[in-house]
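A.B. asks: The structure follows.
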Amino acid sequence: MTHIGNIPHILQNGITHSTSANANPNFVAIGDSSLISKRNGFLLDNGRLLGDYIPFYFGYRTPMLFKMQKEYGILPENIVYCVSSVQKMVDLKLDFVFTDGHAIEKFSFQYSLSDIENIERLLDWKAIKAKYWKDENDLDLKRKKQAEFLVLGDIAPDGVLDYLTYNENAKKRIIDFGVDASKVVVKPDCFFKL
């Protein structure tokens, strides 16, 4: 997920890391700055810092999105999902790690390319696809819903397969930026109606 204002840079440079030579000098942040700071210093099992990676969620309507919309007041029309796939990241030969829950949670396991063939079994897809994350029968649902795919370094523009927007107005805006209309999908159900 990113702010719609970051789309022109993504079209030109791909999804870039904050320390990249191609980093967006006008990047519009939408995340929790205290959590970003914590993630930047979090050491992964492979010895690298979590902050070195570009994070993706496997699902929609995440607790982070809820916080962005509810607490930070970011309108869903200004948030865009940049969609890719595990296969695309493998094809691009990018280094990655994936987790079975929120990456900084102590109960989350971290996996690498050698585990990719078992991804369907390693992740709780029911939790990832859950519309809500509060369940008295599964107190670990929120952590599992936030399973992450973490990519090291920049992702070229062709690494983004599709863009999901909240409404037609947002779709028009990113098409006006230069996104191919066939790659833009309006999916209001992927956002919260607050």
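Every read-out reported here was derived from the displayed coordinates using simple, explicitly stated rules and does not represent laboratory data. This is a predicted model, so every value here is computed, not measured. Every residue, glycine as well, gets a Cβ built from its backbone with ideal geometry; the counts of neighbours run over all protein chains shown.
A.B. asks: In whole Å, what are the extents of segment 2-190 along the principal axes defined by its C-alpha atoms, from largest to smallest?
C.D. replies: The principal-axis extents, from largest down, are 43, 38, 32 Å.
A.B. asks: When Arg48, Arg173, Arg121 are ordered from fewest to most other Cβ atoms inside 10 Å of their Cβ, what list results? Don't jump to the answer; show the numbers that get you there.
C.D. replies: Working: Arg48 15, Arg173 19, Arg121 8.
Going from sparsest to densest Cβ surroundings: Arg121, Arg48, Arg173.
A.B. asks: Same structure, new question: Quick check: Cα centre of segment 113-132 to Cα centre of segment 8-75, how many Å?
C.D. replies: With segment 113-132 and segment 8-75 each reduced to a Cα centre, they are spaced 21 Å.
A.B. asks: Mean-square fluctuation check for the chain, GNM, Cα pairs under 10 Å: which of Ile104, Ile155, Ile36 is largest?
C.D. replies: Evaluated over the chain, the most mobile residue of the options is Ile36.
A.B. asks: Taking the Cβ-Cβ separation of Phe66 and Lys172 as r and a Förster radius of 25 Å, what is the calculated FRET efficiency to the nearest 0.05?
C.D. replies: Computed FRET efficiency for Phe66 and Lys172 comes out at 0.45.
A.B. asks: Of Phe42, Phe98, Phe56, which has the largest mean-square fluctuation in a 10 Å C-alpha GNM of the chain?
C.D. replies: Evaluated over the chain, the most mobile residue of the options is Phe42.
A.B. asks: Suppose we keep just the DSSP beta bridges with both residues in segment 2-190; what percent of those would be antiparallel, to 5?
C.D. replies: Within segment 2-190, antiparallel bridges account for around 85 percent of the total.
A.B. asks: While we're looking at this one, here's another question. Kindly identify segment 114-167 as rounded, prolate or oblate by the Cα gyration tensor criterion: order the square roots of the eigenvalues as a ≥ b ≥ c, call it rounded if a/c is under 1.5, otherwise compare a/b with b/c, prolate if a/b is larger, else oblate.
C.D. replies: Values: a/c = 2.64, a/b = 1.44, b/c = 1.84.
Oblate is the answer for segment 114-167, as a/c is 1.5 or above yet b/c matches or exceeds a/b.
A.B. asks: For segment 2-190, what is the relative contact order in percent, using Cα pairs closer than 8 Å and at least 6 residues apart in sequence? The partial results should precede the final answer.
C.D. replies: Values: 290 pairs, mean separation 56.3, N = 189.
Reported relative contact order: 30 percent.
A.B. asks: Going by C-beta contacts inside 10 Å, put Ser112, Ser33 in order with the fewest on the left.
C.D. replies: Ranked by crowding around the Cβ, least crowded first: Ser33, Ser112.
A.B. asks: Step through the residues of segment 81-86 one at a time and calculate ³J(HN,Hα) from phi using the Karplus curve (6.51 cos²θ - 1.76 cosθ + 1.60, θ = phi - 60°), rounding each to whole Hz and writing x for Gly and Pro.
C.D. replies: 8, 9, 9, 9, 9, 4
A.B. asks: Shifting gears a bit: Between Phe27 and Ile119, what is 0.36 nm times their sequence separation minus the Cα-Cα distance? Round to one decimal in nm.
C.D. replies: Values: separation 92, 0.36 × 92 = 33.12 nm, distance 3.19 nm.
Between Phe27 and Ile119, full extension yields 29.9 nm more.
A.B. asks: Starting at the first residue of segment 100-106, write each ³J(HN,Hα) from the Karplus equation 6.51 cos²θ - 1.76 cosθ + 1.60 with θ = phi - 60°, in whole Hz, x for Gly and Pro.
C.D. replies: 9, x, 3, 4, 8, 6, 5
A.B. asks: Which residue, Asp162, Asp140, Asp91, tops the fluctuation ranking in a GNM of the chain built on C-alpha contacts under 10 Å?
C.D. replies: Asp91
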